[in-house]
Amino acid sequence: MKTKLDNRYRILLWWILLFVALVFGLIVTNRLRARIEKTSYSDISKASENRLADFEKDIDYTVSLLKLLGTEEMGSEEFFSGSEKKLAFVQKQLDAKTVGVFECATSEIVLSGNTLISSERIGEFFRDDLEKVHDTDAVKLVREQTGSEERLIAVMVPLTEKQKTVGIAFAVFDIDGYVDIISENVYNGAGYCLLSDNTGNVLIPSNSFKEYDGKDKDLSNDEFEKLFTGLNETGTSFLKLQRNGTGFYVYARLFSSYPDYAMVTVIDENSVYRNISPATKGIVAVIAMVLVVTLVQSVYYVTTYRKTKHEFDDVLNFDELTGLPTKTHHKNIALNILKKSRGNYAYAACDVSEFKYFNSTFSYEYGNTALKYIANVMSDAMLKDETVSRTSGDHFAMLLHYNDPDELTARLMRILDTASALPPADDGRQPRAVFTCGVYLVGNENDINRIRARANVARKGLKKSISNQIAFYNEADFNNELETHELQEDLIHAVENDELVVFLQPKYGISNEEVIGAEALVRWNHKDRGLLSPNVFIPLAEKTGLVKEIDFCVFDKVCEQLNRWKKEGRNIVPVSVNFSRIHLSDDDFVSKLIRVAKENDIEPKYLEIELTESAVYDEMERLLDIMYLIKEAGFGLSMDDFGSGYSSLHLLREMPVDVLKLDKGFLDDCSDDNQREKKVISHVISLAKDLQISVLAEGVETESQKNFLQEANCDMIQGYYYAKPMPMGEFEKYIS
């Protein structure tokens, strides 16, 4: 009897223990889950607010530049003088479709880059705002669709005088660029962000997001209203939804400086609880069986939580391809280093020149391999309290400690040289990367955006090269950039204002030392700066595509001059005209040459087309096709700067050129002591003659150079030894 009673007590005690275990397990589970959910909300809000902060800085930058348009009294003489340059500069810096100023008194746009938006539309957008923003800055963002084109109009209000709104500065952008910015992965692609006003109208959608009009599958009208009601009351709003058994979070946050707009982040719940939810469903049954299992499960949940948190941080803060910190995380790391560490720091912004070459020539897989290799080299080079990041694409940034700028330069060059030696490709070739690197020496400051911008100004000032380059920022860089922009704007009107002048430099037959031709060289007679050489403006023209118009302007002037000589009965000598490689992409290039020559009644044999040797390396097949068309049309054909770049002698047998112009660099190295250089020149001349190609040596400046070329049987020479380039009128007298 006693034994049976004891057994009953044991069973009761066991059930009590199991019940306690169950209750304890449920309490622990619920607390862990609540903690996980609370932390997840914190992480989601942090991810959203980082994106919001970056975007708000972009708006601040836009506002600060637009304010430049209203620094002079509206309608005054000072307002209009220089405003066009200021307008063009602001438009370029913002990369906007247009910027302008709307005058309230006349309800007209008084200053604008173009007419993408009417005065009526500007007035309509801001009618309700003009009376309440006299003493404050306000930003109005408007998403508008015109035909198939979507635009984002950002307007800074107001431009004020004496407490009164007198105008509105505005800018119009392509919305696609902002969509790309806001569509960066959230939770490794499991979420997305969008920008709306505080009533729920979407201004900038995500690429992964359908039109957000209240009819979308994600949010109903009631839910949408609930989200934004809470937003307007507190400035932030959370909403947890369920769709077909799947939950997700919606988080909205108003901009601190622009409370009429909000950043909305939508994230799939499974991405947060992917390692937790399945185990949660079975924990009650496990705890009901045994207390020990309950304790083990609790440990398991803690471990899983930490693992999930760690994985989330990795997705949020580190680049998936290279493992380096993301741009935002790098900014936070760099800021902490600058605040806590002592000593001098430098910020280096680097990019790989022509990186698209690796993707197109080898493969995108090799391009990724190259990026990972570069990241590893730079990461291995970092010391304590230094950091490196892949900021985007083929762009990298480093925050480095230094004691002396020269030592810093040497160290950076070692890092770049090591990173340049890329791994071999699958076909055995050994590609080499070339870096341009801008460096800003950080003073007593911690604005990472400003620091990064100045390093990039220094980087963009570097010209294309075949070797690694490093440039340090100085205050003159920004002024030079502005001056270059102004020169570029003037160049647009140089052709239509007939400011381009053609000079001719004689070519001499080396046997009789008589003029047998000339080369056309362009000069720009700038209204303020006087006569400018092509070295000043041709690189700008090539960058903007204006070089095509300039080349044909020179060609047309040469044809007109030859026609004039023909009508006057003068002796006509052939004239060569340089054409940029950009023309190779124009299918009508040769037909344009034929048309201009025919309009001026000039036989093609009096015109020689010069193409640069550097075009061979980039587009050999296309170049050969155009060369044969030029020859078929009857024009002479010469290759300029032979030997200056990637020349290969076997190309000579394929190119149908009449004249090979030796690069001036050959003669610069051809001294009496340099017999090897003389032999190279002699053999090149001999090889060209065997292929029935005439050779012209340019840059001849001394009698010893002339004598050597005569001995080497060169056909023609050109240079200061005989004559400098001269205006066409002087050339007429010279050859007479």
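Each value in this text was obtained by applying a stated rule to the coordinates, not by laboratory testing. All of these numbers come straight from a predicted model, not from anything done at the bench. Please note: Cβ atoms are built from the backbone with ideal geometry, for glycine as well, and neighbour counts cover all protein chains shown.
Just a few scattered comments:
- 3J(HN,Hα) couplings calculated from phi for region 255-261 with the Karplus curve 6.51 cos²θ - 1.76 cosθ + 1.60 (θ = phi - 60°) are, in sequence order, 5, 5, 8, 10, x, 7, 10 Hz; Gly and Pro show x.
- Each peptide among 335-343, 599-607, 449-457 gets the average number of other Cβ atoms lying within 10 Å of its residues, and from highest to lowest they stand as 449-457, 599-607, 335-343.
- Cα lying deepest toward the dipole's positive end in region 327-477, options Ser341, Ala433, Phe358, charges on Cβ: Ser341
- Residue by residue, region 348-365 carries 3J(HN,Hα) couplings of 10, 10, 10, 9, 8, 5, 6, 5, 4, 4, 5, 5, 7, 7, 9, 4, 5, 5 Hz when phi is fed to the Karplus relation 6.51 cos²θ - 1.76 cosθ + 1.60 (θ = phi - 60°); x denotes Gly or Pro.
- Rounded to the nearest 20 debye, dipole of region 326-445 from Cβ charges on Lys, Arg, Asp, Glu: 400 debye
- Under the Karplus curve 6.51 cos²θ - 1.76 cosθ + 1.60, θ = phi - 60°, whole-Hz ³J(HN,Hα) for region 566-573, x wherever Gly or Pro sits: 5, 5, 7, x, 6, 6, 9, 10
- Under the criterion of Cα pairs below 8 Å and six or more residues apart, the relative contact order for region 493-735 equals 19 percent.
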